[in-house]
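The values are calculated or read from the model by the stated rules, or taken from the named source; none is laboratory data. Note that the coordinates shown come from a computational prediction; the quantities given were computed from them, not determined experimentally. Quick reminder, even Gly has a Cβ in these numbers, built from the backbone with ideal geometry, and neighbours come from all protein chains shown.
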Amino acid sequence: MREIYLDNCATTRVDKDAAELAAYVMQTVYGNPSSLHKKGIEAEAILTEARRRIAIALGCAPDNVYFTSGGTESNNLAIFGAASANKRTGNTIITTAWEHSSALNPVRELESRGFVVKAVSPEPSGHIDIDKLAALTDGDTVLVSCMMVNSELGSVADIERLVKLVKLRNSKTLVHCDAVQGFGKLSFSAERLGVDMLSVSGHKTYAPKGVGALYMKKTARVAPLFFGGGQEKLIRPGTEALPLIAAFGLAAEAARNNFSANLAHLTALFKHFVKNVALTENLCMNSPPDSTPYICNASLLGFRSETVLHYLAAKGIYVSSGSACGKGKPSYMLKAAGVSRARIDSALRISFSKHNTIDDVDAFFLALSQAQKEIVV
Amino acid sequence: MKELVLLKCGELTLKGLNRGAFEDALMKNARRRLKDVGKFKFYKAQSTIYAEPLEDCDLDEAVARLSKVFGFSALSRAAVAVKDFDAIKELSAEYLKDSLSLAKTFKVAAKRSDKTFTPASPEICAELGHFLLQKFPHLAVDVHSPEVTVIVEIRDYAAYIHREQTPGAGGLPVGMSGSAALLLSGGIDSPVAGYMMAKRGLSLIAVHFASPPYTSERAELKVKALCEKMSPYCGRIKLFTVQFSEIQQRIKELCPEDYFTIIMRRYMMEIASKIAAENHCGALVTGESVAQVASQTLMALACTDAAASLPVLRPVIGMDKEEIITIARKIDTFDTSILPYDDCCMVFTPRRPKTKPRLHEVIKAESALSHDDLIHHAIHGAVSVVIG
């Protein structure tokens, strides 16, 4: 059975050369980058090269890149770190109602510790009104955190505009962007965006799980979450996960080098997908028309998403559902976006990678039409 | 120093002529449970089963496993001494030195089943107590609530020194009361029901109904995980997974909505009865509890019973959810049971299920189904895996 993986927002297949580099580092360049001897120096060179590659992909200097264990840690470090290092600046945090749980829950935790939290909900169009979000900034605002690409709908937020508007209102307010679903898929430069902090993760863009990075502006004051050795300039101590970091660097470089070709390919897939949605009975798009071509969220009305998900999985087609399951809770992101319960319960998220083809999309729609015939509702 | 595990047979001692058969079954079960801990020699004498390691092995693990074997009322890890009182005294001080040096109070208890041994029990207690007080001068004797009780058992083969007994799992050896088929949904109640019937000496097979694509593969993995959690108590479990989607779809299409659950339950009972009979089981076991859900009212239970061709044992029938949960936590199935994967009982659930169904109405409601074909397909398509 042919495997059609359409769940690339959950994770991606690791690039072959990135996986090989990780294995090579594990077996050959296995020294600790902090060791004084030759093995340490070799390892440090790998680390430096990976940092350089990530910096180029992020559009910043290598000094601004801090390696972490992934998106969750980057978001936690940015949010807790900024809030605790800048308590004197203010006591208010501004965010959106549909941040990823790894950004939303740290903010909720800070709220329980006494911070005031203000969150804007997305507009019915499926976008965050950046002006509305920025307008919440006042003299007490210590941090604004907003995701670049929504992980369920694919909506893109204008982070550059957000930073400008926030800084106009309060130049001391730090702006954090969770760019996990944007990195390697959208063209941006962290420096040009003007953000103080920006989170990325390896495994969403063909690197292994367990590695990510936080971009931090030199001027941003952030307190560490962990204490230990002197790695990552004391911001993130702990022996560097060198094999993963090396693979991350290589995968990020490949994503950047092939950016235009990949984007053109994905845009063609997305267009083909949208065209087919219009031709399929009971199927409606939840993603806004200007979403990233990597994510398509659509509801097969009347069919529970888990049932369709399992039906497709039995045919080797892997997607994700809008809500967890009957016992679980419906997607808070779609709920925040004002999507109706019926649409949330039948929502499917199809997320593409550079490996997908037009044939994959066609196979998906064929299976979906069979599902409509075979599944009893 | 030689150590072994002394296992006391509780209810078995009440058995008459077949007591030997019960003890043999118990030893067989215990031996199997210790198979990958190490080589053990098992023998019995004076209502006690001895598990003696024949090689260096993890006795703590052995005790932990044996404490889950039904049929033992208590167990103790003990040091083996030659039947010489001086040797017993020295060994007691040496074997229990860690607990005695940390405790403030202690007492000595003696059991002398070998009446030829001298001194007698009261003297053993007095003299050994005196000896230990000299060795551990910080200790005081407390005969009512000591922190450590030093127990000396003078038996036929040797003398055994140990601390307080730990309680065993109780019940009867699994397999001695026959076999039954447990309907295992994946919820909290059915593993508890299986555990309770295994405690009464039943060996179990399990029948699970899967309904892909309406239920996920994870629900099936969850049921396997539950069998793994149950097997330290229940022994080896053969798990049958029945593909149930076709039956559920046909019921949904062809029967009145409010009868959906009751008809589905009847099909489950019938299929489970047939699988049970093929596997030499004498009963079905379910985790039903009166009035917990619509299909568990008295009238609904009467309708489901009518579809079963074997007696239906419902050990949790009179228990509150909290009581069931207490057992589920004890046997460590609770955290697995609450994993949020839909099972087939949550598929197509009617908005208003019939709570007072009458059998003749149910039979009429299900008459549109091609009963024999559906049952045949389901049983034919069942797959089994042995767990534990």
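Being crowded, with 21+ Cβ neighbours inside 10 Å and either within 14 Å of chain A (Cβ to nearest Cβ) or part of a loop (DSSP other than H, G, I, E, B) (or both): is that true of B:Pro191 here?
Details: crowded, with 21+ Cβ neighbours inside 10 Å: yes; either within 14 Å of chain A (Cβ to nearest Cβ) or part of a loop (DSSP other than H, G, I, E, B) (or both): no.
Spelling it out, it is not the case that B:Pro191 is crowded, with 21+ Cβ neighbours inside 10 Å and either within 14 Å of chain A (Cβ to nearest Cβ) or part of a loop (DSSP other than H, G, I, E, B) (or both).
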What is the residue count in region B:274-294 for residues that are buried (at least 22 other Cβ atoms within 10 Å of the Cβ) and under 24 Å from B:Thr355 (Cβ atoms)? 5
What residue, among those in region B:332-344 that are buried (at least 20 other Cβ atoms within 10 Å of the Cβ) and part of a loop (DSSP other than H, G, I, E, B), is farthest from the other protein chains (Cβ to nearest Cβ)? B:Thr333
Pair list, Cβ under 6 Å, 6 or more apart: region A:295-315 residue more than 10 Å from chain B (Cβ to nearest Cβ) and under 23 Å from A:Ala337 (Cα atoms), other residue of a type in the set (Asp, Glu) and in a loop (DSSP other than H, G, I, E, B): A:Asn297/A:Glu152
Return the pairs, sorted by first residue and then second, in which the second residue is assigned to a strand (DSSP E or B) and among the aromatic types (Phe, Trp, Tyr), the first residue lies in region B:377-388 and is touching a residue at least 40 places away in the same chain (Cβ under 8 Å), the beta carbons are less than 9 Å apart, and the residues are 6+ apart or on different chains. B:Ala378/B:Phe209; B:Ala382/B:Phe240; B:Val383/B:Phe240; B:Ser384/B:Phe240; B:Val385/B:Phe240
Candidate set: region A:309-348, residues that are of a type in the set (Phe, Trp, Tyr) and within 22 Å of the chain's Cα centre (by Cα); chosen: the one modelled with the lowest pLDDT: A:Tyr332
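Test of understanding: among A:Ser291, A:Ser299, A:Ser287, which residue is part of a strand (DSSP E or B), among the small types (Gly, Ala, Ser) and either modelled with pLDDT of 95 or more or surrounded by 21 or more Cβ atoms within 10 Å (Cβ to Cβ) (or both)?
On the way: A:Ser291 fails: part of a strand (DSSP E or B); A:Ser287 fails: part of a strand (DSSP E or B).
Among A:Ser291, A:Ser299, A:Ser287, only A:Ser299 is part of a strand (DSSP E or B), among the small types (Gly, Ala, Ser) and either modelled with pLDDT of 95 or more or surrounded by 21 or more Cβ atoms within 10 Å (Cβ to Cβ) (or both).
Out of region B:46-80, which residues are free of Cβ contacts under 8 Å to residues at least 24 places away in the same chain, touching a Gly at 6+ places or on another chain (Cβ under 8 Å) and not acidic (Asp, Glu)?
Narrowing region B:46-80 to residues free of Cβ contacts under 8 Å to residues at least 24 places away in the same chain: B:54-58, B:60, B:64.
Then drop every residue that is not touching a Gly at 6+ places or on another chain (Cβ under 8 Å), which leaves B:54-58.
Of everything in region B:46-80, those that are free of Cβ contacts under 8 Å to residues at least 24 places away in the same chain, touching a Gly at 6+ places or on another chain (Cβ under 8 Å) and not acidic (Asp, Glu) turn out to be B:Leu54, B:Cys57.
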Would you mention how many residues in region A:353-377 are away from every other protein chain (no Cβ under 14 Å), in a helix (DSSP H, G or I) and small (Gly, Ala, Ser)? 2
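Any residue at all in region B:253-262 that is of a type in the set (A, V, I, L, M, F, W, C), closer than 19 Å to B:Ser190 by Cα and away from every other protein chain (no Cβ under 14 Å)? Reasoning before the result, please.
Step one: of region B:253-262, the residues of a type in the set (A, V, I, L, M, F, W, C) are B:254-255, B:260, B:262.
Within this subset, residues satisfying the condition of being closer than 19 Å to B:Ser190 by Cα are B:262.
In the following step, the residues that additionally are away from every other protein chain (no Cβ under 14 Å) were identified as B:262.
Yes.
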On the given criteria, is B:Lys83 touching a residue at least 12 places away in the same chain (Cβ under 8 Å), surrounded by 14 or more Cβ atoms within 10 Å (Cβ to Cβ) and part of a loop (DSSP other than H, G, I, E, B)? yes
Selection from region A:353-377 of residues surrounded by 18 or more Cβ atoms within 10 Å (Cβ to Cβ) and among the β-branched types (Val, Ile, Thr) yields A:Val361, A:Ile375
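Look through region B:14-44, keep the residues that are of a type in the set (D, E, K, R) and crowded, with 18+ Cβ neighbours inside 10 Å, and return whichever of them is nearest to B:Ser203 (Cα to Cα). Reasoning before the result, please.
Step one: list which residues in region B:14-44 are of a type in the set (D, E, K, R), which gives B:15, B:19, B:23-24, B:28, B:31-33, B:35-36, B:39, B:41, B:44.
Still in the running and crowded, with 18+ Cβ neighbours inside 10 Å: B:23, B:33.
On the way: B:Glu23: 16, B:Arg33: 14 Å.
Looking at residues that are of a type in the set (D, E, K, R) and crowded, with 18+ Cβ neighbours inside 10 Å, I get B:Arg33.
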Number of positions in region B:223-244 that are farther than 14 Å from B:Gly194 by Cα, away from chain A (no Cβ under 14 Å) and in contact with a Phe, Trp or Tyr (Cβ under 6 Å, 6 or more places away or on another chain): 1
Conditions (1) within 16 Å of the chain's Cα centre (by Cα); (2) assigned to a loop (DSSP other than H, G, I, E, B); number of the one not met by A:Asn76: (2)
So A:His265, is it crowded, with 18+ Cβ neighbours inside 10 Å and away from every other protein chain (no Cβ under 13 Å): yes
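Being in a loop (DSSP other than H, G, I, E, B) and over 22 Å from the mean Cα position of the chain (by Cα) is true for just one of A:Ala223, A:Ala278. Which residue is that?
Details: A:Ala278 fails: in a loop (DSSP other than H, G, I, E, B).
Within the list A:Ala223, A:Ala278, the selection yields A:Ala223.
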When restricted to B:Glu127, B:Glu220, B:Glu123, the only residue of a type in the set (D, E, K, R), within 14 Å of another protein chain (Cβ to nearest Cβ) and part of a helix (DSSP H, G or I) is B:Glu220
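Out of region B:206-222, which residues are in contact (Cβ under 8 Å) with a residue 24 or more places away in the chain and of a type in the set (D, E, K, R)?
Here is the first cut: in region B:206-222, the ones in contact (Cβ under 8 Å) with a residue 24 or more places away in the chain are B:206-216, B:218-219, B:222.
Scanning region B:206-222 gives B:Arg218, B:Lys222.
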For the structure I just gave you, tell me whether B:Leu310 is assigned to a loop (DSSP other than H, G, I, E, B), within 14 Å of another protein chain (Cβ to nearest Cβ) and either out of contact with any strand residue (DSSP E or B) (no Cβ under 7 Å at 6 or more places or on another chain) or surrounded by fewer than 21 Cβ atoms within 10 Å (Cβ to Cβ) (or both). no
Which of (1) surrounded by fewer than 17 Cβ atoms within 10 Å (Cβ to Cβ); (2) under 27 Å from B:Glu257 (Cβ atoms); (3) in contact with a strand residue (DSSP E or B) (Cβ under 8 Å, 6 or more places away or on another chain) does B:Asp373 not meet, given it meets every other one? (3)
Out of A:Asp129, A:Asp158, A:Asp178, I need the residue that is buried (at least 23 other Cβ atoms within 10 Å of the Cβ), charged (D, E, K, R) and either at pLDDT below 95 or within 20 Å of the chain's Cα centre (by Cα) (or both). Which one? A:Asp178
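Quick one: in region B:194-217, which of the residues that are within 14 Å of chain A (Cβ to nearest Cβ) and crowded, with 24+ Cβ neighbours inside 10 Å is nearest to B:Ala283 (Cα to Cα)? Talk me through it step by step, then tell me what you get.
Step one: filter region B:194-217 for residues within 14 Å of chain A (Cβ to nearest Cβ), giving B:210-217.
Then drop every residue that is not crowded, with 24+ Cβ neighbours inside 10 Å, which leaves B:211, B:214-215.
Working: B:Ser211: 24, B:Tyr214: 29, B:Thr215: 27 Å.
Within region B:194-217, the match that is nearest to B:Ala283 (Cα to Cα) is B:Ser211.
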Within region A:335-352, can one find any residue that is more than 25 Å from A:Ala261 (Cβ to Cβ), within 14 Å of chain B (Cβ to nearest Cβ) and either surrounded by fewer than 23 Cβ atoms within 10 Å (Cβ to Cβ) or touching a Pro at 6+ places or on another chain (Cβ under 6 Å) (or both)? yes
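Please verify whether region A:81-97 includes one or more residues that are of a type in the set (D, E, K, R), at pLDDT below 95 and loosely packed, with under 15 Cβ neighbours inside 10 Å.
Taking region A:81-97 and keeping what is of a type in the set (D, E, K, R), we get A:87-88.
From what is left, the residues that are at pLDDT below 95 are A:87-88.
In the following step, the residues that additionally are loosely packed, with under 15 Cβ neighbours inside 10 Å were identified as A:87-88.
Yes: one or more hits.
Mind checking which residues of region B:132-150 are of a type in the set (S, T, N, Q) and either touching a Ser or Thr at 6+ places or on another chain (Cβ under 9 Å) or not assigned by TED's automatic domain parsing to the domain that holds B:Arg77 (or both)?
B:Ser145
From B:Val347, B:Val316, B:Val362, grab the single residue that is surrounded by 16 or more Cβ atoms within 10 Å (Cβ to Cβ) and within 14 Å of chain A (Cβ to nearest Cβ). I'd like the intermediate steps shown before the answer.
Values: B:Val316 fails: within 14 Å of chain A (Cβ to nearest Cβ); B:Val362 fails: within 14 Å of chain A (Cβ to nearest Cβ).
Answer to the check: B:Val347.
Which one of B:Leu26, B:Leu75, B:Leu91 is under 24 Å from B:Leu132 (Cβ atoms) and assigned to a helix (DSSP H, G or I)?
Working: B:Leu26 fails: under 24 Å from B:Leu132 (Cβ atoms); B:Leu75 fails: assigned to a helix (DSSP H, G or I).
Testing whether each residue is under 24 Å from B:Leu132 (Cβ atoms) and assigned to a helix (DSSP H, G or I) leaves just B:Leu91.
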